[in-house]
Every structure is written in C-alpha cells, then in structure tokens.
Amino acid sequence: MRLSGKRSIITGAAKGIGRAVAQRFAAEGAMVTLVDQDADAGKETTESIRGTGGQATFIHADLTDESAVRDMVVRAREWMNGIDTLINNAGLSITNDLLDIELDDWNADLEVNLSTHFLCTRAALPVMIEGGGGTVVSMSSVNGIWAIGETGYSAAKAGLISFIQNVAVRYGESGIRANVICPGTILSKRCRDNWEGKAGSIEKLKKWYPVGRLGEPEDVASLAVFLASDESSFISGTTVTIDGGLTAGNRFFGKD
Ligand SMILES: NC(=O)c1ccc[n+]([C@@H]2O[C@H](COP(=O)([O-])OP(=O)(O)OC[C@H]3O[C@@H](n4cnc5c(N)ncnc54)[C@H](O)[C@@H]3O)[C@@H](O)[C@H]2O)c1
C-alpha cells in the first residue's frame, strides 16, 4: 500500500474530489480525518470508508472559522497520534465577471479558497514538523494559471501557488514538502449539476480537452496519492496541472 500509516487530514472531504481523495487514501493504508462543513455528507462518506475497512473519522467544521480550525487540528492530532499529510481541498466558486462583483462576494471567494488553506496549514505545520515532517497539498485550479472567468475564485486559486511555494521554501529544511494541484473540469456532482443545467455544455466542454473527456474525482485522487506518498519525495514547491491537456492549448477552445 502506497500510504501505509500516513496520518492524513483532508478538507472538503464530504463530497466530490475530497471524498474520492479520502476513499483512495484509506484504500492505500492511510488514516484519514475528513473535515467538512456539511455534516450529513461528511458522516456518510466516513461511514462508507469504514465500511470497506478503512480507518476514518469525521470532524464537522467551517474552515473559515480560525478557532474551529485550531480545534480541528488538535482533535485530528489526538485521534491519529500525529499528522503526516494535509490535503487542503475545501473550496467554492462565488464570483464571476469583475464588474458584477460585490466586495462581500470577492472577500468570501478569497476567504474560502485561499484563507482556509492558510489557516489549516498554519495550524497543522507545527505538529507535522514536530513529528519529523510531512506533506501539504493545496487544490488550486486551471483558473489559477490562466484567465477563464470567475475572477475572485481565479485570484484566490492563483494565490495558492505563491502560498504553497512559500511553505515549500521556508519549511523544506524541516522535512515539509508542499505542492499544488490544478485540476481542469472534474465531474464532481457540484460541477456536473452546474454544467448540465446549460444545454449541451458538457459536450461543448469536452471539445476543449485534447484527451476528449472531462476529469473524474478519481483522476485527482490518483495524483494526490502520488504527491502524498514517498514516491514523490523529490517533488516540492511545484504546481501540477491535471487537465487532459486543456492548458496546453486547443483549437476548439471557446468555440461552440
Ligand atoms: N470540480 C472541478 O471541476 C474543479 C476544478 C478545479 C478545481 N477544483 C477544486 O477542487 C476542490 C473540490 O471541488 P469539488 O468540485 O469536489 O467541490 P464540492 O463542492 O463537491 O466539494 C467541496 C467540499 O468543500 C466543502 N467546503 C466548502 N467550504 C467549506 C468551509 N468553509 N469549511 C468546510 N468545508 C467546506 C463543501 O461542503 C464540499 O463538501 C475545490 O477547491 C475546487 O475549487 C474543482
């Protein structure tokens, strides 16, 4: 098993990509602490992992709340007897076109998509360092590396790249590796519901992707397993896109 004994926190783990990451981590032998603001879905995912023999617990928390984050890390550390891996995955897209954005929405985008990663990392790092090191992964987006709308979300996702570089450089000597994942369109339920509402748009989207399909949460989970495992021990401070070739360029991009 590739993550045997790795004590892992996964945020936004109730649904979508985070759920797939938590399931794969547990299947690869990790102990997983799932964290989410959605208690029902979080408990259901945790039970599904336990049902297949995985070691999992759920912590209900709104990660925009600083004291809830500190409490979450204390409880995760207690349950797992340490922390080796932090997967910052919680996120949410709020804003769209720049001229339509209210300041509150802009701030909310930055708070969820950037500041929760800061809060969780700041709280977990001392525990990881005390235990000899570990790995941090933040879920950004292709929106963080090129402009395709959702302005506040994109700015926050771009901020994660710099944030994680800083973590990697400052704490590398303490045994910390930190990396960013930038997914293209991944068909989590939220994403599928969003695009299926628009006639023909999943089919239209597929044309933009050189591999001819959109991503599945399990695609991202495979990458997260690699980045959390010792197989990637010389990879730090980098940004890995997982987008079926989308950001390499495509002659259909933006066309109907
Ligand atoms: N699905 C995609 O196409 C796609 C593409 C690029 C990046 N991403 C990123 O991947 C991550 C997961 O996306 P997804 O599609 O699985 O979304 P999702 O909505 O299915 O899952 C996100 C989870 O985060 C939780 N969450 C949100 N805010 C929270 C908070 N303040 N405190 C605690 N939990 C919170 C939600 O309850 C939810 O369970 C996000 O960071 C997203 O930006 C997704």
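Any read-out appearing in this document is the output of simple, stated calculations on the displayed coordinates, not a laboratory observation. As the structure is a prediction and not an experimental result, all values here were calculated from the model. Quick reminder, even Gly has a Cβ in these numbers, built from the backbone with ideal geometry, and neighbours come from all protein chains shown.
General remarks:
- Listed residue pairs exceeding 31 Å between alpha carbons, taken from 6/207; 15/157; 15/204; 43/204; 43/206: 6/207; 43/204; 43/206
- Estimated at 0.36 nm per residue, the fully extended path between residue 62 and residue 201 surpasses their Cα-Cα distance by 46.8 nm.
- The label-point distance for residue 38 and residue 238, in a model that sets each label 7 Å from Cα toward Cβ, rounds to 3.2 nm.
- Each 5 Å bin from 0 upward holds the following percent of the Cα-Cα pairs of segment 7-236: 1, 7, 14, 19, 21, 17, 11, 6, 3, 1, 0.
- Measure of compaction for segment 27-84 (Cα Rg per 2.2 N^0.38 Å): 1.12
- Percent of Cα pairs exceeding the 23 Å cut-off, where the set is segment 158-256: 39
- Among 134, 18, 215, residue whose mean-square fluctuation peaks in a GNM of the chain (springs only between Cα atoms under 10 Å): 215
- Per residue, the average separation of C-alpha pairs within less than 8 Å and at least 6 apart gives the chain a relative contact order of 19 percent.
- Highest-fluctuation residue, 229, 93, 201 considered, GNM on the chain with Cα pairs under 10 Å: 201
- Extension gain, residue 122-residue 174: 0.36 nm per intervening residue step, less the Cα-Cα distance, totals 17.3 nm.
- The chain - mean residue ellipticity at 222 nm from DSSP helices (-39,500 (n - 2.57) per run, n ≥ 4, rounded to 500): -13500 deg cm²/dmol
- Potential extension, residue 226-residue 4 segment - 0.36 nm per residue separation minus Cα distance: 78.7 nm
- Under the criterion of Cα pairs below 8 Å and six or more residues apart, the relative contact order for segment 83-177 equals 38 percent.
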